[in-house]
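Read-outs: derived from the displayed coordinates by stated rules, not from any lab. Because the structure is a prediction, the values reported are computed rather than measured. Here the Cβ is made from the backbone with ideal geometry for all residues, glycine too, and neighbour counts use every protein chain on show.
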């Protein structure tokens, strides 16, 4: 048995309307989930017929939903072997002061969500800012680029500098999309 905890306010997203998300996740992975109202998720990764890789993937999907991603986006982790979840703690970058964390969240989101949208579009990732964390879903090429952009913003870089960095990385991302070896 394995256990993972998500925030209690994300339990509804993981369960879905009338249990639909939970049922879909169980069907796709072959792993039965027990979810309580406090956010404790328990599953048996050693159950008969369960592929070992599915136990790791379902943990990432649960973590992604817990970090604020829509379950449909989180389930992309099951579809693509080159899709990963990366989470950055905002407090580690800016310190523990509440006003600094709120300011950093605002810098990452931008006016009307514009900064978040630009990072998602230019780096070809999904981004979720939830609580004191920013999480990214992307492939092995795009994820480090997006993470560096997030770290630049958290470190105080101007938005234009971060956008220029992301623009400069577009050729690398285009090559990766085509499947060519970039080395």
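Between the Cα long axis of helix 20-29 and the first principal axis of the chain there is an angle of about 80°, rounded to the nearest 10.
Kirkwood radius, the chain, all distinct C-alpha pairs, inverse of mean reciprocal distance: 17.5 Å.
Express the relative contact order of the chain as a whole percentage, based on alpha carbon pairs under 8 Å and six or more residues apart in sequence.
On the way: 257 pairs, mean separation 30.8, N = 183.
In percent, rounded to a whole number, it is 17.
Quick check for you: which residues of segment 122-138 have the amide N under 13 Å from the point 7 Å beyond the Cα of residue 9 toward its beta carbon? In segment 122-138, the label zone of residue 9 (backbone N under 13 Å from the point 7 Å along Cα→Cβ) covers 129-133.
The alpha carbons of segment 83-178 stretch over 43, 26, 21 Å along the principal axes, in descending order.
Stretched out straight at 0.36 nm per residue, the stretch from residue 103 to residue 27 would grow longer than its current Cα-Cα span by 23.3 nm.
Tell me the relative contact order for segment 83-178 as a rounded percent, counting alpha carbon contacts under 8 Å between residues six or more apart. Mind showing how you got there, number by number?
On the way: 124 pairs, mean separation 30.5, N = 96.
Normalised by residue count, the contact order of segment 83-178 is 32 percent.
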